[in-house]
Amino acid sequence: MLSNAFLHRHSLWIRITLHWALLLPLVVSVFAIISSAWGGDPVQQLIHFYANWALNILVLCLVLAPLSRRFKRPALIAYRRLVGLYVAFYAFLHILAYLVLDLGLDWALAFEELVKRPYILVGALAFLILLALTLSSPQLVRRKMKRSWLKLHGFIYALSLLLPLHFWWSLKSGYIEPLVYLLILLGLVGLRTRQFKAWIGSFRS
């Protein structure tokens, strides 16, 4: 494991590397579309591809805190915001692909789908939470929100349930993959039991 000194000293290059690594799925998706690698229904493949990467990066985001504690590397936490922004980025691409490529920006149809399909409502709720977390992530906003910021960002725990639920509900068959995501995310939340209980308790005070 890299030392704290290394993580601080090479922060710029680590961030650049993270950006390149986290943008790689976008590059892969573009090449897959151009080369027709996804066959006859590339739109659905694209929608699910972006959703999967939003979940993958959420797992990475949640694993940083336990890793920093386990290996005594508090410098890892400095990269959590950057990783979290890419969760929102791929979730946005997922929704954009659905609205533009699948529904053709037919807003009446989009509203009809929202009402008719509960998993879309769950996904929309998850995205609104993710949007709130993203918009409140800058340090200036955090300072202005004070203790309310911690309460808001505790909704990352709700996301850990809502996103796998949205994934599972959207499938016509085969539930192993969303179940694996759910178990991993709940396991990561379980490693933060004290913080989770404190977050729940903050709504009672």
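Picking from Val100, Val141, Val115, which residue would you name as being of a type in the set (Val, Ile, Thr) and either in contact (Cβ under 8 Å) with a residue 40 or more places away in the chain or out of contact with any helix residue (DSSP H, G or I) (no Cβ under 9 Å at 6 or more places or on another chain) (or both)?
Details: Val141 fails: either in contact (Cβ under 8 Å) with a residue 40 or more places away in the chain or out of contact with any helix residue (DSSP H, G or I) (no Cβ under 9 Å at 6 or more places or on another chain) (or both); Val115 fails: either in contact (Cβ under 8 Å) with a residue 40 or more places away in the chain or out of contact with any helix residue (DSSP H, G or I) (no Cβ under 9 Å at 6 or more places or on another chain) (or both).
Checking each option against the conditions leaves just Val100.
Need pairs with beta-carbon distance below 7 Å; first residue more than 16 Å from Val87 (Cβ to Cβ) and within region 9-34, second basic (Lys, Arg) and exposed (fewer than 11 other Cβ atoms within 10 Å of the Cβ); sequence gap 6+ or separate chains. Listed pairs, sorted by first residue: none to list.
Taken together, the criteria exclude Leu96 from residues that are over 24 Å from Ile176 (Cα atoms), modelled with pLDDT of 90 or more and outside any helix (DSSP H, G or I).
Inclusion of Tyr86 among residues that are of a type outside the set (Lys, Arg), under 27 Å from Leu23 (Cβ atoms), assigned to a helix (DSSP H, G or I) and within 12 Å of the chain's Cα centre (by Cα) is warranted. When region 48-64 is filtered for residues that are of a type in the set (A, V, I, L, M), crowded, with 20+ Cβ neighbours inside 10 Å and in contact (Cβ under 8 Å) with a residue 40 or more places away in the chain, the ones remaining, listed by number, are Ala51, Ala54, Leu55, Leu58, Leu62.
The values are calculated or read from the model by the stated rules, or taken from the named source; none is laboratory data. On a predicted model such as this, the values are computed, not experimentally measured, just so you know. Note: ideal-geometry Cβ built from the backbone for every residue, glycine included; neighbour counts use all protein chains shown.
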